[in-house]
């Protein structure tokens with residue numbers, strides 16, 4: 001795939017949309033997609049445990065269509081149902097509330113006092129955008145930093161300080177929500193391959209999935225996978241992490257990605273970790289709004305070419321890696 005579009009190491013929304021459309025056109029994916037269709041039910045056929053029934057409804061049509069498949073890969077993501085924290089007194093707080101999921105532009109916050117709850121990637125980006133229009137932006141880096149809110153519009157923090165805010169913006173992530181997926185309680189937290197249903201049911205997330213589904217690569221036995229999962233949860237519990245952080249890759253993302261590369265016979269890609277560190281430095285440490293453009297592109301281009309990757313594939317990997325971290 002040739003890139004005639006202006007290159008930038010971190011793309012904005014318009015550039016990413018351009019890339020996705022170009023990718024779909026160049027690889028003939030558009031004709032494989034059933035547009036305007038909502039999947040309403042996916043379940044394993046009891047008498048044929050290697051087949052899955054998929055039901056969907058086309059927009060404007062009341063009837064439901066059904067088809068049988070050998071495997072199902074869930075690629076809907078989990079960023080569609082906002083996760084809202086419990087804030088004491090919020091039911092009587094008179095201000096405006098919005099989740100980052102519904103944020104679009106900063107202009108509606110002009111001259112407002114805004115409190116942004118949480119400070120991950122979306123909170124970082126949105127708070128800086130809103131600051132160009134708002135009167136004040138206050139950031140509660142984690143929900144416990146807000147003690148309670150009051151009827152008069154006051155937002156009280158745990159240290160006793162407070163502000164009278166016009167808006168509370170929740171940048172607090174999303175719930176896992178797969179209402180169409182019927183597994184009789186087997187899948188409760190998303191795994192790439194749920195052990196009891198693998199490999200016929202999987203979710204998007206690893207580069208060697210196609211090799212598994214085609215039979216070229218074998219998964220570990222169910223018992224081995226369950227042991228690995230239990231060990232992960234044991235480590236998370238020791239570190240005080242709830243299960244909803246199962247897919248949080250930081251700070252072990254580099255190690256995990258190199259392990260995945262090893263599974264498909266590729267050498268470790270240390271340059272990707274180095275690149276991520278440099279991006280974080282420019283984005284967070286320097287606190288510079290122009291961090292996307294301040295990049296020694298010639299250096300990284302030459303460095304990447306040493307790894308024998310095409311620029312198009314490299315830029316796609318960079319985008320996916322950064323925003324999944």
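FYI, it's all coordinate maths here, none of it is from the lab. Since we're looking at a predicted model, the values are computed, not measured. In this analysis, Cβ positions are derived from the backbone assuming ideal geometry, glycine residues included, and neighbour counts consider all displayed protein chains.
Data for the structure
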{"quantity": "Cα extents of the stretch 54-114 along the three principal axes, largest first (Å)", "calculated": "53, 27, 23"}
{"quantity": "Using a Förster distance of 30 Å, the FRET efficiency for residue 79-residue 47 (Cβ separation, nearest 0.05)", "calculated": "0.25"}
{"quantity": "Using a Förster distance of 25 Å, the FRET efficiency for residue 163-residue 101 (Cβ separation, nearest 0.05)", "calculated": "0.60"}
{"quantity": "Net length gained if the chain between residue 145 and residue 221 were fully extended (0.36 nm per residue, minus Cα distance)", "calculated": "23.0 nm"}
{"quantity": "Neighbour-count order for 245, 101, fewest beta carbons within 10 angstrom listed first", "calculated": "245, 101"}
{"quantity": "Relative exposure of 243, 50, 22, judged by other C-beta atoms within 10 Å (fewest first)", "calculated": "50, 243, 22"}
{"quantity": "Cα gyration tensor, the stretch 11-102 - rounded (a/c under 1.5), prolate or oblate", "calculated": "oblate"}
